[in-house]
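In what follows, a single structure is set out as structure tokens and then discussed.
The values are calculated or read from the model by the stated rules, or taken from the named source; none is laboratory data. Being a predicted model, the structure only gives us computed values, none of them experimental. Here the Cβ positions follow ideal geometry from the backbone for every residue, glycine too, while neighbour counts run over all protein chains shown.
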Amino acid sequence: MKIKIYTLVIFGLMLNLSDAYTQIFKHSSISYGIVTSRILGDNRANLSILPPPEATEAIIGGSMGVYHPGMELRFTGSIDEEDKFRIPISIGYDFFYGREFISEGPNIVNYFLHDVDILSVNSGLHYVFAEIPEAGAKIYAGLELKMNMLNNVTFRHEVDYVLLNDMDTTRSFSKGSTTRFGAQAKIGIDGQIRKKFYINTGFNFGWMNILGKDDKRGELFTPTRLNEMIESDVFLFQIFILLQYKFN
């Protein structure tokens, strides 16, 4: 008798899991594309690597005050019949870099090269709040939690002896890899371009280092902790354009 009861319970659980699996994949999709990122505000990452001549304090920046390239792979599954609520799971890789050079006469050029790569994993909840049936498009917004793993954090000072056609790396050092936990708000639109294929585009506003700050390491995106007492908040703006394939 007990065996029959256990069998019925297990069968019922399997049916429920099957229904949940079917629901999630009913409006599921996979997307891949490019992302551009910019660090917002007066964060030291946006300052010059070399202090200007008029500076009264030796503040070393990251020279990263531009948009930086990246890529994203995203899986999205719907959790309701109307495809209003979605759960995304994304993996991203972003390449942040700073570049400066100073000439010492016509034959010697000093290059300062600063790189930080970020592997990120994020997930959250999206809500479709508007539709454009004529374009097969849906507009959505959402909140996501994000883990940012900084790696390949390097700084190099290279000297190019132009006449000798020789490049010498005089200094090379790193703050080391580290991980921060943050969050981001997202708004986007996916519009159909042909059957099952869509363009998914939008933007994110993110706070990279809500948890995990380490003041002993200094600022998150600078090459050295010289005259750095704390790790400042890092806010990020991103634009994404993804090619999306919907399974159903």
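Residue pairs whose Cβ atoms lie under 9 Å apart, sitting 6 or more positions apart in sequence or on different chains, and linking a residue in the range 130-147 that is under 18 Å from residue 196 (Cβ atoms) to a partner that is not hydroxyl-bearing (Ser, Thr, Tyr) and not in a strand (DSSP E or B), are 138/83.
For the range 21-29, the criterion of being modelled with pLDDT of 55 or more, assigned to a strand (DSSP E or B) and surrounded by 10 or more Cβ atoms within 10 Å (Cβ to Cβ) is met by at least one residue. Among the residues in the range 91-111, are any without any contact (Cβ under 8 Å) to a residue 24 or more places away in the chain and part of a loop (DSSP other than H, G, I, E, B)? The answer is yes, given that some residue of the range 91-111 is without any contact (Cβ under 8 Å) to a residue 24 or more places away in the chain and part of a loop (DSSP other than H, G, I, E, B).
Checking the range 145-165 against the condition returns no match, with no residue being surrounded by fewer than 16 Cβ atoms within 10 Å (Cβ to Cβ), of a type in the set (Lys, Arg) and either under 17 Å from residue 90 (Cβ atoms) or touching a strand residue (DSSP E or B) at 6+ places or on another chain (Cβ under 9 Å) (or both). Tell me whether the range 182-191 contains one or more residues that are without any contact (Cβ under 8 Å) to a residue 40 or more places away in the chain and among the acidic types (Asp, Glu). No, the range 182-191 contains no residue that is without any contact (Cβ under 8 Å) to a residue 40 or more places away in the chain and among the acidic types (Asp, Glu).
Quick check: anything in the range 96-117 buried (at least 20 other Cβ atoms within 10 Å of the Cβ), in contact with an Asp or Glu (Cβ under 6 Å, 6 or more places away or on another chain) and modelled with pLDDT of 90 or more? No: the range 96-117 contains no residue that is buried (at least 20 other Cβ atoms within 10 Å of the Cβ), in contact with an Asp or Glu (Cβ under 6 Å, 6 or more places away or on another chain) and modelled with pLDDT of 90 or more.
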